Amino acid sequence: DAKTTQPPSMDCAEGRAANLPCNHSTISGNEYVYWYRQIHSQGPQYIIHGLKNNETNEMASLIITEDRKSSTLILPHATLRDTAVYYCIVRVSGGYQKVTFGTGTKLQVIP
Amino acid sequence: NAGVTQTPKFQVLKTGQSMTLQCAQDMNHEYMSWYRQDPGMGLRLIHYSVGAGITDQGEVPNGYNVSRSTTEDFPLRLLSAAPSQTSVYFCASSYSAPLKTEAFFGQGTRLTVV
């Protein structure tokens with residue numbers, strides 16, 4: 001699985017969009033970008049994933065650059081409940097899902 | 001829909017004791033795995049299973065055993081607890097089908113070994 005690089009922490013004002021970056025310069029053509037988050041002391045929660053097209057669901061949007069070397073998770077209107085550690089993971093879809101987590105980005109949403 | 005259920009939520013063990021952390025899922029997922037999370041660190045894979053009767057080691061398997069006799073259950077056994085095994089343990093499960101591979105996690109078991 002490709003290695004990812006994320007900033008250790010970020011702040012975001014409540015109601016504003018939170019943009020969380022992730023670098024994955026060694027990503028392979030068949031690897032997807034997945035995002036999970038972990039709210040304090042809880043189990044990680046799946047957010048979204050994509051291959052090369054931008055993706056959107058009820059939780060977030062995922063923007064992947066054309067060269068696929070980086071991506072951005074966007075929480076359009078951050079709330080206090082979005083305060084969590086966000087993990088960017090790059091891996092092959094299908095087959096066994098041996099999810100490998102880094103240390104993620106600690107997002108603090110500020111009132 | 002219960003998802004992934006872990007028991008117990010909290011446990012204190014004495015050094016040398018053994019115990020089993022339980023994990024059950026009701027989504028008919030083929031894949032299940034155990035992770036541990038230590039303060040300030042990401043999750044590290046202990047053991048995983050790709051189906052009933054099939055298990056394999058992850059990054060940090062020493063001191064732990066697993067078995068998978070049914071699709072639903074994937075217990076983690078600590079053979080002889082050590083203080084270094086104080087951690088939060090998470091169980092996860094997922095489908096194998098492409099594009100349906102997001103993992104679902106339990107709420108964790110907080111283990112303290114004294």
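The values are calculated or read from the model by the stated rules, or taken from the named source; none is laboratory data. This is a predicted model, so every value here is computed, not measured. Here the Cβ positions follow ideal geometry from the backbone for every residue, glycine too, while neighbour counts run over all protein chains shown. Each accessible area value is taken on the protein alone, full model and side chains, heavy atoms only, with ligands, DNA and RNA left out. Shrake-Rupley method; radii C 1.70, N 1.55, O 1.52, S 1.80 Å.
When you check residue B:58 against the structure, is it within 11 Å of another protein chain (Cβ to nearest Cβ), over 15 Å from the mean Cα position of the chain (by Cα) and not aliphatic (A, V, I, L, M), yes or no? Reasoning before the result, please.
Details: within 11 Å of another protein chain (Cβ to nearest Cβ): yes; over 15 Å from the mean Cα position of the chain (by Cα): no; not aliphatic (A, V, I, L, M): yes.
So residue B:58 fails the test.
Can you pull out every residue in region A:1-41 that is within 11 Å of another protein chain (Cβ to nearest Cβ), open to solvent by 80 Å² or more (accessible area, probe 1.4 Å) and polar (S, T, N, Q)?
Answer for region A:1-41, where residues must be within 11 Å of another protein chain (Cβ to nearest Cβ), open to solvent by 80 Å² or more (accessible area, probe 1.4 Å) and polar (S, T, N, Q): just A:30.
Looking only at residues that are in a loop (DSSP other than H, G, I, E, B) and closer than 21 Å to residue A:87 by Cα in region B:15-49, which one is modelled with the highest pLDDT?
Our first condition is that a residue be in a loop (DSSP other than H, G, I, E, B); within region B:15-49, this holds for B:15-18, B:26-30, B:38-42.
Imposing the further condition that a residue be closer than 21 Å to residue A:87 by Cα reduces the set to B:38-42.
Values: B:38: 91, B:39: 83, B:40: 76, B:41: 77, B:42: 79.
The residue in question is B:38.
Does residue B:5 satisfy being open to solvent by 30 Å² or more (accessible area, probe 1.4 Å) and under 20 Å from residue A:36 (Cα atoms)? It would help to see each step written out before you state the result.
Details: open to solvent by 30 Å² or more (accessible area, probe 1.4 Å): yes; under 20 Å from residue A:36 (Cα atoms): yes.
Judged against the criteria, residue B:5 is a match.
Okay, residues lined up against (1) without any contact (Cβ under 8 Å) to a residue 60 or more places away in the chain; (2) of a type in the set (Lys, Arg); (3) open to solvent by less than 40 Å² (accessible area, probe 1.4 Å):
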residue	(1), (2), (3)
B:23	no, no, yes
B:33	no, no, yes
B:52	yes, no, no
B:55	yes, no, no
B:60	yes, no, yes
B:70	yes, no, no
B:81	no, no, yes
